[in-house]
Amino acid sequence: MTEQPVLFSKKIEVRWADCDANQHMRHSAYADFCAHTRIGYMIDIGMTPEWLKQQGLGPVLFKEETEYFRELFMGEVVDVTIEIGEPTGSAKSVQLVNSIYRQDGELAARHKAIFGWFSMRERKVVALPDIVKSHMLAHDIEPA
C-alpha cells in the first residue's frame with residue numbers, strides 16, 4: 001500500500017445488526033462501513049445527492065476486496081479512513097482504500113474499492129468528474 005494522505009475519516013459504532021452468530025462483526029458489515037464512509041467523503045467534497053442528481057451521475061462499483069486482521073465487536077467505535085489507492089490506468093475509475101481501526105488504534109481491516117461514475121443520461125460509465133480530479137490534485141495526487 002502506498003503512503004497516501006488520509007482524505008477523510010469517520011467514526012462508526014458497531015451495532016448489534018452488524019454482528020453475526022460468532023459474536024463479531026460480519027464480513028459484509030466491513031464493506032458497509034467503508035461504503036458509508038465513501039459516501040460521507042463524497043458529500044464532504046461537494047458530491048451531495050443534489051449535486052449527483054443535477055449532474056445525472058451515480059457512483060458505480062467495479063471491484064472491491066477486503067483483508068481482515070482483527071475482530072470487531074458490538075459497541076466498539078471504529079475509525080474508518082480513506083486514502084487514494086493505486087492508479088487504475090483508466091480516466092474512468094479510481095481506487096480508494098479504507099482502513100478500519102479498532103478503538104485501541106489497531107488495524108482491523110483494509111478494504112480496496114475501484115469505482116467510477118455512471119451517467120444516468122448516457123447509460124454508460126464516464127470520465128472522473130472534475131470535482132474528483134480537483135480534489136485529488138489538491139492532495140498532490142495525479143488523476144489517471
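Could you name the lysines whose alpha carbon sits less than 23 Å from that of Lys92, not counting residues in the same chain fewer than 8 places away? Lys92 reaches Lys53, Lys63, Lys112, Lys124, Lys133. Of the residues Glu83, Glu67, Glu76, the one with the fewest other Cβ atoms within 10 Å heads the list, and the complete ranking is Glu67, Glu76, Glu83.
Sort Phe33, Phe118 by Cβ crowding within 10 Å, fewest neighbours at the top. All intermediate terms of the calculation are to be shown ahead of the outcome.
Details: Phe33 23, Phe118 16.
Least to most surrounded, the residues fall as Phe118, Phe33.
Once P(r) over Cα pairs in 10 Å bins from 0, in percent is calculated for the structure shown, the corresponding label among [x] 9, 22, 12, 9, 12, 17, 14, 6, 1; [y] 11, 41, 31, 15, 2; [z] 13, 33, 29, 16, 7, 2, 0 turns out to be [y].
Our summary gives the chain a relative contact order of 27 percent, counting only alpha carbon pairs under 8 angstrom and 6 or more residues apart.
Each residue of the stretch 4-10 is assigned a 3J(HN,Hα), and the resulting list reads 9, x, 6, 7, 6, 9, 9 Hz, derived from the Karplus form 6.51 cos²θ - 1.76 cosθ + 1.60 (θ = phi - 60°), x at Gly and Pro.
Can you give the extra length, in nm with one decimal, that the chain gains between Ala21 and Gln103 once fully stretched, where that is 0.36 nm per residue apart less the Cα-Cα distance?
So the extension gain works out to 27.3 nm.
The ranking of Trp117, Trp51, Trp16 from fewest to most other beta carbons within 10 Å of each one's beta carbon is Trp16, Trp51, Trp117.
The phi torsions of the stretch 55-67, fed into the Karplus equation with coefficients 6.51, -1.76 and 1.60 and a -60° offset, translate into couplings of 7, x, 10, x, x, 10, 8, 9, 7, 8, 8, 10, 10 Hz, rounded to whole numbers, with Gly and Pro shown as x.
Note on the chain: with a GNM built from Cα contacts shorter than 10 Å, the maximum mean-square fluctuation among Gly75, Gly40, Gly58 falls on Gly75.
Taken together, the values in this text are just the output of simple stated rules run on the coordinates, not laboratory data. These figures come from a predicted structure and were not determined experimentally. Using ideal geometry, Cβ is built from the backbone for each residue, glycine included, and neighbour counts are taken over all protein chains shown.
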